[in-house]
1. List every residue pair whose Cβ atoms lie under 8 Å apart, where the two residues are 6 or more positions apart in sequence or sit on different chains, the first residue falls within segment 170-192 and is away from the ligand (no atom under 13 Å from the Cβ), and the second residue, located anywhere, is of a type in the set (F, W, Y).
2. Given the options G119, G196, name the one that is assigned by TED's automatic domain parsing to the domain that holds L14, within 16 Å of the ligand (Cβ to nearest atom) and either buried (at least 22 other Cβ atoms within 10 Å of the Cβ) or at pLDDT 95 or above (or both).
3. Take the residues in segment 44-64 that are open to solvent by less than 60 Å² (accessible area, probe 1.4 Å) and outside any strand (DSSP E or B); name whichever of them is farthest from R127 (Cα to Cα).
4. Considering only residues that are surrounded by 18 or more Cβ atoms within 10 Å (Cβ to Cβ) and of a type in the set (A, V, I, L, M), look in segment 122-139 and name the one that is farthest from the ligand (Cβ to nearest atom).
5. Kindly indicate whether any position in segment 253-270 is of a type in the set (S, T, Y), in contact with a Pro (Cβ under 6 Å, 6 or more places away or on another chain) and open to solvent by less than 20 Å² (accessible area, probe 1.4 Å).
6. Looking at segment 263-279 only, could you name the residues that are more than 15 Å from L190 (Cα to Cα), touching a residue at least 60 places away in the same chain (Cβ under 8 Å) and not aliphatic (A, V, I, L, M)?
7. Spot the failing condition for H142; the list is (1) within 15 Å of the ligand (Cβ to nearest atom); (2) closer than 23 Å to P258 by Cα; (3) not acidic (D, E), and only one is missed.
8. Please tell me if N67 is closer than 22 Å to T165 by Cβ and assigned to a loop (DSSP other than H, G, I, E, B).
Amino acid sequence: MKWHILGAGAIGNLFATRLLQAGQNVSLILRQPKSDGYYQLHCLEGKARRTYSLPTQSASATETISNLLITTKAYDTETALASVSSRLTPDTTILLLQNGMGQHDAVLQRYPSANLWAGVTTAGAWRPNPDELICVAAGETHIGPLNTHATQLPVGWAEQVPAPTYKQDIQTALWRKLAINCAINPLTALHGCHNGALIENPGLYQQMQLICAELDTLTRALDIPLFATDLIDQAANVAQATAGNRSSMLEDITHGRPTEIEFITGHVCQQADQLGIDLPCNKALLSQVRALSAT
Ligand code: KPL
């Protein structure tokens, strides 16, 4: 089977290599596909170094898309999908593996007959240059259906190493990742600090506590079971485990790119507004990051 991939950043490239290793054909959809149709990706994971030939094509190619992995930034989802919409079949499988929430509902409304899936991953990878991928954490990936009653992972996913976990209730997994991103990303983006600073600096830790307490209140009202303990404990663990990392939002701000704030803090503030719940700390972060973002 073949997977097309929209979003050729580090995560898109990482899962392209995992799909290839799992025996799938892949093609990365690029704005500027390579003139000879593929590119060499040197992949470093621990001591293992492998080179992959990754096929590329443009959005305007004519090949039908049966399985589509979307790893774009959340705010690019709809435009990216629209660029290939004429190539989808009524029952194309679409898997959204991205940060944030809100884009899933938009895709559900626009492509109701597609087999829609969502996933979250803690895999960590970065690209020092376009033909090199450094995988720093194999991570855990959770995948589940958004609009089907499928009970097995989509084709080519169970065979991956490490294999993702199938989650019938993917919404809870999406909320857990969202809550962690709300706790870490805006603060690191505003203060220009590594994730670890949030637990090392008492003032930042206090702010993270307030953000997390608001999210605990909201998710309780929404009946979403976040974690066994308060969110702050989990957020502090992630900040500790990724202490040397720059969050994706800090990277976006640093490189003058738009941020995913509307799909992270923006989404929780919107949900809270609908319930009449006030989230003053999260709201303040939302306007501060908006003011910084290149949107
Ligand atoms: O997912 C992340 C991100 O940066 O987007 C965290 C978990 C905060 C790690 O940096």
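The values are calculated or read from the model by the stated rules, or taken from the named source; none is laboratory data. Since this is a predicted model, take the numbers as computed values, not measurements. Counting neighbours? That spans all protein chains shown, and the Cβs are built from the backbone with ideal geometry, glycine included. The protein model used for the area step is the full one, side chains on, heavy atoms only, and it has no ligands, DNA or RNA in it. Shrake-Rupley method; radii C 1.70, N 1.55, O 1.52, S 1.80 Å.
1. I170/W117
2. Answer to the check: G119.
3. Here the residue is A61.
4. The residue in question is L133.
5. Checked against the condition, which is being of a type in the set (S, T, Y), in contact with a Pro (Cβ under 6 Å, 6 or more places away or on another chain) and open to solvent by less than 20 Å² (accessible area, probe 1.4 Å), segment 253-270 yields at least one hit.
6. Of everything in segment 263-279, those that are more than 15 Å from L190 (Cα to Cα), touching a residue at least 60 places away in the same chain (Cβ under 8 Å) and not aliphatic (A, V, I, L, M) turn out to be F263, G266, H267, Q270.
7. (2)
8. So N67 fails the test.
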